[in-house]
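The values are calculated or read from the model by the stated rules, or taken from the named source; none is laboratory data. Only a predicted model underlies this, so the values are computations on that prediction, with no experimental measurement involved. Cβ sites come from the backbone with ideal geometry, for glycine too, and all protein chains shown count toward neighbours.
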Amino acid sequence: MIVRMRVSEIAGVLLAAGAGYRMGTPKALIELGGERLVDRGIKLLEEGGCHPVVVVLGAADVPVRGAVAVRNPDWETGMASSLKVGLAAVPGDAAAVVVALVDQPLIRPEAVRRLVEAFHGGASIAVATYGGRPRNPVLFSRAHLAPVGESVTGDAGARDYLRTTAFTAVPCDDVGDPADVDTPDDLAAVEKGTLRLE
């Protein structure tokens, strides 16, 4: 069931700025099943109930449709700078933000919908878990956006913030796999397993 939201109630941020050094090309441009990972990530957030979707770019100037593209000039410093840029671009009327990564293409929209449902159930921070481990995507209520932006550094994203802040764990084992696509071998492995998750 798709959760219907008021415009800008829940925004989405897709982090897609990296160069993909181990992959040999920016991950946003990689195709899986004939679809670029950046488009797959936008669809993940949109179908999960997020609007608007902000895509943070950096290493590559990637044209995107149906999303707000912003550039992180400091993308080489790591994920934290991209997260800051993405959160800063979120509309002021958004009550919460779901953050997703472009290199986790096997996560399904239902995972995002579960985070949104947790937020409407009272969760201030909701984190998708797999096998009991917190991964992505992650939802932050507006109250956490400034503190998260101020606390993140380097390539750790919001990991340290989540270690010191209470959050609601949202099991998502049955709605995807958080495997990262970092290398050509990773991509080949994902391609072999994609059909079971479609």
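Residues that are in contact with a strand residue (DSSP E or B) (Cβ under 8 Å, 6 or more places away or on another chain) and modelled with pLDDT of 95 or more were ranked within the stretch 76-87; the one that is farthest from A17 (Cα to Cα) is L87. The single residue among V190, V181, V127, V138 that is β-branched (V, I, T), in a helix (DSSP H, G or I) and either closer than 29 Å to R22 by Cβ or in contact (Cβ under 8 Å) with a residue 12 or more places away in the chain (or both) turns out to be V190. Filter the stretch 157-193 for residues that are charged (D, E, K, R) and touching a Leu at 6+ places or on another chain (Cβ under 8 Å); which is surrounded by the fewest Cβ atoms within 10 Å (Cβ to Cβ)? Per the stated criteria, the residue is E191.
Quick check on P147: is it surrounded by fewer than 16 Cβ atoms within 10 Å (Cβ to Cβ) and free of Cβ contacts under 8 Å to residues at least 60 places away in the same chain? Yes, satisfied. When restricted to residues that are of a type in the set (G, A, S), in contact with a helix residue (DSSP H, G or I) (Cβ under 8 Å, 6 or more places away or on another chain) and surrounded by fewer than 19 Cβ atoms within 10 Å (Cβ to Cβ), the stretch 112-137 contains 2.
Can you say whether D173 is among the charged types (D, E, K, R), farther than 23 Å from M79 by Cα and at pLDDT 90 or above, as far as the supplied structure shows? Considered against the rule, which asks whether it is among the charged types (D, E, K, R), farther than 23 Å from M79 by Cα and at pLDDT 90 or above, D173 comes out as yes. Within the stretch 54-111, restricting attention to residues that are charged (D, E, K, R), touching a helix residue (DSSP H, G or I) at 6+ places or on another chain (Cβ under 6 Å) and part of a loop (DSSP other than H, G, I, E, B), the residue that is nearest to T183 (Cα to Cα) is D103. C50 meets all of the listed conditions (1) outside any strand (DSSP E or B); (2) without any contact (Cβ under 8 Å) to a residue 60 or more places away in the chain; (3) among the hydrophobic types (A, V, I, L, M, F, W, C) but one, namely (2). Sub-8 Å Cβ pairs linking a first residue in the stretch 76-89 that is within 13 Å of L14 (Cα to Cα) to a second residue that is β-branched (V, I, T) and in a helix (DSSP H, G or I), at least 6 apart or interchain, are L83/V148; L87/V148, ordered by first then second residue.
Being within 15 Å of the chain's Cα centre (by Cα), surrounded by fewer than 23 Cβ atoms within 10 Å (Cβ to Cβ) and farther than 19 Å from L29 by Cβ narrows it down to one of A89, A69, so name that one. Criteria check complete, one pass: A89. Residues that are among the β-branched types (V, I, T) and either surrounded by fewer than 20 Cβ atoms within 10 Å (Cβ to Cβ) or more than 12 Å from the chain's Cα centre (by Cα) (or both) within the stretch 29-45 comprise just one, I30.
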